[in-house]
Amino acid sequence: MIRIVKVKNYEEMSMKAANIIVGQINLCPKTVLGLATGSTPIGTYDQLVIACKNNYVDFSKVTTINLDEYYGLDAEHNQSYRYFMNKHLLTKVNIDLHNTHIPNGKAGDIEAECRRYDDLIESVGGIDLQLLGIGHNGHIGFNEPADEFVPNTHCVSLGESTIKANSRFFESRDEVPKKALTMGIKAIMQAKMVLLLASGEEKTEIMKKALFGPITPAVPASILQLHKNLIVVTPIDLA
Ligand code: GLP
């Protein structure tokens, strides 16, 4: 079932999303949160930090599992997703960092790392609430447009449009890693709740395709139409 919550702007989207996450953790303190990077969730993370500082939410028993990581970047690199998550959320709330998980982009054996990540997701009982953004080409995590949906954690070659979009965070386009490790579609679809955020007019077309177009691996986010509990929070006019 898809629920679309139309909000006024980015700030309201961030407040709403944070409220939903706070509600989930308060109902279930041992929540397994699936987390995302990108500019979209930054406001949500800011709100979660404020909520934690005000004692509205307690992260001490929460586990987090991130969607993806660039291949070849170590955790200290300032464009790694570990660095991003620590900076925007994980070191600012009372979570035990041992319970925060992100694929290891520097793993020697990538296949083994992907299997380890899937085993980890299984061992914590799957994801309770998965937060998602969406790429301009419809990717979720780094599940890029492809001929088929890939169920498990895997190493992916990033598309040209993704490299271009993400180059804004790097000194130059050449520095953007060409590959990434990403959670697959299965763990996302098995999450008990998916919270999809999108803002900015430039995401209008892809959001319409994802939510109302054909379900196809050419638009990876379109698979979410089949999710049993999808909440979309967006200021985008989807009518
Ligand atoms: C990256 C991440 C995605 C994210 C996307 C959109 O590619 N791997 O998980 O959804 O960026 O980013 P933004 O929110 O900055 O538009």
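The values are calculated or read from the model by the stated rules, or taken from the named source; none is laboratory data. What you are looking at is a predicted structure, and each value in this text was computed from that prediction instead of being measured. Methodologically, a virtual Cβ is constructed for each residue, glycine included, from the backbone with ideal geometry; neighbour enumeration extends over all protein chains shown. The protein model used for the area step is the full one, side chains on, heavy atoms only, and it has no ligands, DNA or RNA in it. Shrake-Rupley method; radii C 1.70, N 1.55, O 1.52, S 1.80 Å.
For this structure, a couple of remarks:
- Any hit, the stretch 144-161, residues being closer than 27 Å to residue 33 by Cβ and part of a helix (DSSP H, G or I): no
- Only one entry in 188, 206 is open to solvent by 10 Å² or more (accessible area, probe 1.4 Å), on the phi < 0 side of the Ramachandran plot, outside any strand (DSSP E or B) and among the hydrophobic types (A, V, I, L, M, F, W, C), namely 206.
- The stretch 209-230, subset of a type in the set (A, V, I, L, M, F, W, C) and out of contact with any strand residue (DSSP E or B) (no Cβ under 7 Å at 6 or more places or on another chain), residue surrounded by the most Cβ atoms within 10 Å (Cβ to Cβ): 210
- Only one of 140, 102 that is open to solvent by less than 40 Å² (accessible area, probe 1.4 Å) and in contact (Cβ under 8 Å) with a residue 60 or more places away in the chain: 140
- Answer residue from the stretch 191-203, given it is open to solvent by 10 Å² or more (accessible area, probe 1.4 Å) and in a loop (DSSP other than H, G, I, E, B) and is farthest from residue 5 (Cα to Cα) among those: 192
- Note on the stretch 210-235: residues that are aliphatic (A, V, I, L, M), without any contact (Cβ under 8 Å) to a residue 40 or more places away in the chain and more than 15 Å from residue 130 (Cβ to Cβ) total 1.
- Being part of a helix (DSSP H, G or I), in contact (Cβ under 8 Å) with a residue 24 or more places away in the chain and of a type in the set (A, V, I, L, M) is not true of residue 180.
- Search result, residues across the stretch 81-131 that are more than 16 Å from the ligand (Cβ to nearest atom), aliphatic (A, V, I, L, M) and either in a loop (DSSP other than H, G, I, E, B) or more than 16 Å from the chain's Cα centre (by Cα) (or both): 93, 95, 97, 107, 110, 112, 120, 124
Residue-by-condition table, conditions (1) under 21 Å from residue 185 (Cα atoms); (2) within 12 Å of the ligand (Cβ to nearest atom); (3) open to solvent by less than 40 Å² (accessible area, probe 1.4 Å):
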position	(1), (2), (3)
1	yes, no, no
6	no, no, no
15	no, no, no
33	yes, no, yes
44	no, yes, yes
49	no, no, yes
70	yes, yes, yes
76	no, no, no
79	no, yes, no
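- The stretch 163-181, residues that are under 21 Å from residue 110 (Cα atoms) and either near the ligand (Cβ under 10 Å from one of its atoms) or open to solvent by less than 20 Å² (accessible area, probe 1.4 Å) (or both): 163, 176, 177, 180, 181
- Flag: residue 69 does not match the condition of being in a helix (DSSP H, G or I), closer than 29 Å to residue 227 by Cα and of a type outside the set (S, T, N, Q).
- Scope the stretch 1-19; condition part of a helix (DSSP H, G or I) and in contact with a strand residue (DSSP E or B) (Cβ under 6 Å, 6 or more places away or on another chain); matching residues: 13, 16, 17
- Residue check for residue 233: out of contact with any Cys (no Cβ under 6 Å at 6 or more places or on another chain), open to solvent by less than 10 Å² (accessible area, probe 1.4 Å), within 12 Å of the ligand (Cβ to nearest atom) and farther than 24 Å from residue 100 by Cα: no
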